[in-house]
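Presented below is the structure to which this report refers.
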Amino acid sequence: FGLMKPFAAVTFVNYNSYVVMLCIAAPFLYALLFKGGIIDRVSSLIALIFTFVVLAFNTSRGGIICFVISLFFYIIFTFLKGGKFKKVVLVTLLVLGSSFLISNFTDIELLEPLIRRSESTGLLEDNSRTDVWSRSIELSAKYLFIGTGCGSMPYALEHYYPSKLNFCHNYFLEILLEYGLVIFLVWFTK
């Protein structure tokens, strides 16, 4: 789209894969706030702040929703275990307050891209993804569902659909497009 925006991806090629890993880790980080010692609790709190910052920086709507859902379950679990309301408020304020400080006192604008995205297309609407998904299925059919080859997804999509999004944004469709129907079915049934 003519924009250059850095994303946090660490060693992952696609920052969405990194977001998925962080979302999987979030409930375990919350669990450390209950079970761990003081070092575990402090490190998990720092990791939770880092996770929220990365999710906001990557403008990952699904990641932020996942983070909020795991925070919701953390709050419920705290109350069911007889935890104190102060602990929940403290953790929530530390995560949100740290994010606010990072956003306001650095050049990193955390929630601004997410707000801009929600104003232009709606926060949960995703027509561009459904277009990419349909192009991925069309391209799979063009290759007779035998696959375009390992790692070829962005190149194949760019070749047939220039100047469009060239990632499937769907792990299942990526497997289908790159490896074909047979490997997809074997992988899916395992």
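Every number here is computed from the coordinates shown, using simple stated rules; none is lab data. What you are looking at is a predicted structure, and each value in this text was computed from that prediction instead of being measured. Here the Cβ positions follow ideal geometry from the backbone for every residue, glycine too, while neighbour counts run over all protein chains shown.
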Practice task
Provide the FRET efficiency to the nearest 0.05 for the Leu96-Tyr160 pair, computing r from the beta carbons and using R0 = 30 Å.
Solution key: 0.10
Problem - Cα→Cβ-extended label distance, 7 Å offset, between Ser152 and Phe72, nm - result: 4.3
Exercise for the section: Determine which residues of segment 33-49 fall in the zone a paramagnetic label at Phe79 would reach in this model, i.e. backbone nitrogen under 16 Å from the point 7 Å along Cα→Cβ. Expected result: none
Completion exercise
Residues whose built amide H sits under 5 Å from the amide H of Gly147, excluding neighbours closer than 5 in sequence, are Gly180, Leu181
